[in-house]
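Report on one structure; see the data block that follows.
The values are calculated or read from the model by the stated rules, or taken from the named source; none is laboratory data. Given the structure is predicted, the values throughout are model-derived calculations rather than measurements. Glycine gets a Cβ as well: all are built from the backbone with ideal geometry, and neighbour counts include every protein chain shown.
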């Protein structure tokens, strides 16, 4: 546990949380600042600051909970869900503000005001191929 980590303190029951799921490795609880009602955070109990640090086996477990929560949003009584976003941020530039790996599972409505603006860039195929080759060289499974 990292003493200054909000999520570690929730896991240790030093801070309150509205828990929707918990097992030996993963906890899921309501976001204090929800985009829409039903916005859940899914968090590994072991502290890893970013996704690249998370062991693959634990990542599979975390994502199985993400999937179960996402499915539940569609049928949970009183939750309005016309779509969902699953967001995971790494680093300040990517809006990470709690440096403990977590996934946002967000029910979406056509009428909500939440936007993630993606700029429209269209590089040439040669540039895409060159960048693809660099990434391919770095992938390890």
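I'd like to check something: does segment 59-77 contain any residue that is part of a loop (DSSP other than H, G, I, E, B), on the phi < 0 side of the Ramachandran plot and modelled with pLDDT of 95 or more? The answer is yes; a qualifying residue exists.
Looking for whichever is surrounded by 14 or more Cβ atoms within 10 Å (Cβ to Cβ), at pLDDT 95 or above, closer than 29 Å to residue 140 by Cα and touching a strand residue (DSSP E or B) at 6+ places or on another chain (Cβ under 7 Å) here; the options are 47, 100, 39. Which one fits? Within the list 47, 100, 39, the selection yields 100. Given the conditions (1) out of contact with any strand residue (DSSP E or B) (no Cβ under 8 Å at 6 or more places or on another chain); (2) surrounded by 12 or more Cβ atoms within 10 Å (Cβ to Cβ); (3) under 19 Å from residue 31 (Cβ atoms), which single one is not true for residue 115? Failing condition for residue 115: (2). Which residue is surrounded by the fewest Cβ atoms within 10 Å (Cβ to Cβ), if the candidates are limited to segment 21-35 and must be in contact with a helix residue (DSSP H, G or I) (Cβ under 7 Å, 6 or more places away or on another chain) and outside any loop (DSSP other than H, G, I, E, B)? So, considering only residues that are in contact with a helix residue (DSSP H, G or I) (Cβ under 7 Å, 6 or more places away or on another chain) and outside any loop (DSSP other than H, G, I, E, B), the one surrounded by the fewest Cβ atoms within 10 Å (Cβ to Cβ) is 21. The set of residues from segment 36-48 being assigned to a loop (DSSP other than H, G, I, E, B) and within 17 Å of residue 76 (Cα to Cα) comprises 36, 37, 38, 39.
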